[in-house]
Structures are given as C-alpha cells and as structure tokens.
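First up is the structure itself, then whatever we jot down about it.
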Amino acid sequence: MTCTLIAPQIDDFLDGELAVAERSSLEAHVATCATCRSIVDAEQRLRDGLREYGEATVPAPDVLFYDRALARAARDGARRQRNRWVMTGFGGAVAAAMALWIVGGVFFSAPDVLEPGIPSVTMSLEKPQTFNLVFASARALDNATMTVFLPEGVEVAGFAGQREITWMTSLDEGRNILPLTLIATSPVGGELLATLRHEDDDKTFRLQVQII
Amino acid sequence: MSPIDHQQRASFDALVRPHLDRLYRLSFRLAGNKPEAEDLFQDVLTKIYPRLNDLVDIEEPGSWLCRIMYNHFIDNRRRYARQRLVVISEQGLPGQNIEAIAGNLDPVVDSERLDNIMRLDAALSALSEEHRLVVLLHDSEGYKLNEIQEVTGVPVGTLKSRLHRARARLREILSADGTESAD
C-alpha cells in the first residue's frame, strides 16, 4: 500500500469502519512510514480533543431542571392538546360512531339556546348537580381517553380547583352513561367541553353552563 | 392533579426520562448555549406531551425524540438564532462560556487541556453550522453516522463528506494558530 492510497482511508480507519484486511494493510504501512504515521497521529489527536471538548463543554443542567421541565410539559402540553382537539373538531371514525346527549340527572332544566346548536344547562351556586353524559357507540372501544374541560367557576365533585380532568375509559357497544357531578363555585359559567379520543380520532362535545 | 392525570404524567415520565440526558446534550449542541438549550428542551417536551400515545408505540424513542428536537429547531431556527445572537454578543469571545474542566491531573496539564478546549471552541465557531453540527455529534457526542442520518434526515454519504471537510478545516485553523502541526 502506498501513501497515496492511505490518505482517503484514514478517516474510516480511525472511525473503525475499515474492513479487517484494509485495516491490517494500513497498519502495516503506517508502521513503516513516518509521514503517514504523523498524519494518523494528528488526526487521532484531533479526535481525542473533540471527544474531550464534548465532555467538557455541555454544562450540567440544574439539579431540578428535568423535574421542572417535565412538570411544565405536562401542564402546557395538556393545554396544547386541548386546543388541538378543539380545533380538530369532529372527524373520523369516532365521530361517525358516536353521539352524545347531556341529560340532567338529579337536576334537569330544559336547555336554553345561548349559541345555536349548543345545548345549555342551568346550575345553582354551591349545589351539587349530576349530569349524565350519554354516549352511543356503534362498536366497543378500548383505551379511549375522556377529557372534560370546565368553565370558570365550575368544578367536578372531588376535584376541587381543577379545570381539566382526563381519564382512560372503554366504551361498550350501544349506550354508555357517565354520571358527572358538578358544583358551581362562582357565578361565571361558560362552556364545558368533553373530548373523547380514540387512537387518532377525537370528538369534542360542547355544553353551555349557566349559573344562577 | 387527578389520579388519571397523574397516571398520564407518570407514563410520560417513564418513557421520556431515560432519554433526557441525550436530549439535553443535543439541545445544547443545536442551540449553542445553556439558556436557549433549555428553552429548546422545554419546547420539545411540551410539544411531545400530547403525543404520549405515539411515544408508547415507538421502538426507539431516543432517536424519535432527537429527530423531533432537530426538526423543531430547524423549523424555529430564526427564533432561536435571534436569541443566540443576543447571547453571543453578551458572551464576547468564543470559549468564554467554558468555565472549567474536570481536573484530575496536575495543574499544568489541566491548564493545557483547558487551553486546547478553548482553541477548539474558537475553531469550531468558525465552521459552517452544518459542518459544526456533524463534527460535534459524531466526534464529540459519539453518534454514529447512521444515527445522525436518523436525526437530521441527511444521507450518510453527505454526512461523511461534511465530516471530512469539517475536520480538515479544523486542522487548518488549529495549524494556523500553532496548536496543531500542518503536516
């Protein structure tokens, strides 16, 4: 092997990507050629320097940085997820397979139409009221995700202070009833969103909540 | 946080946490400084949180996460670049952000090591962005070329060519400042 043939192979040699026969041939040449040996040594020093540079130049994150980042991702990521679902709207197999009715349980009032097409209910302050979310599914669904986004001043009983609650659920074929006990804590009200997600499909249901 | 939210958060943590060190180092290599690296890192975690279902099905989540980070950085490079310009102007000379190295040899040797690292830092700053990235990922971070291809989408042949030219340019710069012999 000659010096001319060695040069293009030095990178592969030092990166450990040369075949055994070529590697042996190159090593034999370098052992007897001072010029090529100095080139290989210089390339090796550069690699050693870059490896050391890599070890020295990335500052360690603060002790709690990962924990804080994960917590913030959960908080902001969930909000982003909610926005994406709402913007996605109704589509796909889930939309085709399901329908939802929101029916007053303990208390029911005839819906007032605040926005055309969006049902509404009226609640009294500090009085727990149960509403049944009724899903009709054309087929059984496993591992669906249900998320309820609450308007200001409305809480789910047992989840004080939370505006968003998510849980995994499975739906049977036919009617599925989810009782949801709500408490109005301030006279604000607004829109309650219930988003059902299964695989890549999602469907968001809207309900106007009025508080008196 | 409800038990359901807690479960989702716990699943996300369990899937992502083993890859955080690698992801953090990549964010630093892309952004070039700690404040912007932390922003990039945070942005990517927030972006993937709603995709927990996708993450569960990924065979190699580490590579997938790195690819998302790289693409996010490329898509938003103007924003990060704007931030970086401010920081560089505040930093002054290349190498200034290297505060110390782990010293386990004698002080003279450690001092030489620090000098070499700072010269290398200055030399790297003279490379184009694509050359600097490939040499940092391959030679400093230990990525294999096919792993860099997975992250960046650039073919191995192109990466190999960039790596060769980047190293040659580094040697040229280091030779000029007397750190390395020209050979």
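Can you tell me which of (1) more than 10 Å from every other protein chain (Cβ to nearest Cβ); (2) over 23 Å from the mean Cα position of the chain (by Cα) is the one B:R51 doesn't meet?
(1)
Quick one: in the stretch A:130-155, of everything that is over 19 Å from A:R75 (Cα atoms) and modelled with pLDDT of 80 or more, which residue is surrounded by the fewest Cβ atoms within 10 Å (Cβ to Cβ)?
Within the stretch A:130-155, the match that is surrounded by the fewest Cβ atoms within 10 Å (Cβ to Cβ) is A:G153.
Being more than 10 Å from chain B (Cβ to nearest Cβ) and either among the aromatic types (F, W, Y) or touching a residue at least 60 places away in the same chain (Cβ under 8 Å) (or both) is the filter here, so list the residues in the stretch A:142-167 that pass it.
Hit for the stretch A:142-167 is A:F149, nothing else.
Looking for something more than 8 Å from chain A (Cβ to nearest Cβ), of a type in the set (S, T, Y) and assigned to a helix (DSSP H, G or I) - is there at least one such residue anywhere in the stretch B:17-25?
Looking through the stretch B:17-25, none of the residues is more than 8 Å from chain A (Cβ to nearest Cβ), of a type in the set (S, T, Y) and assigned to a helix (DSSP H, G or I).
What helices (runs of 4 or more DSSP H), lying completely within the stretch A:1-82, carry at least 1 residues that are within 13 Å of chain B (Cβ to nearest Cβ), under 47 Å from the mean Cα position of the chain (by Cα) and farther than 30 Å from B:L114 by Cβ?
Because the criterion is at least 1 residues that are within 13 Å of chain B (Cβ to nearest Cβ), under 47 Å from the mean Cα position of the chain (by Cα) and farther than 30 Å from B:L114 by Cβ, the helices (runs of 4 or more DSSP H) in the stretch A:1-82 that meet it are A:10-14.
The values are calculated or read from the model by the stated rules, or taken from the named source; none is laboratory data. As the structure is a prediction and not an experimental result, all values here were calculated from the model. As a convention, Cβ positions derive from the backbone with ideal geometry for all residues, glycine included, and neighbour counts pool all protein chains shown.
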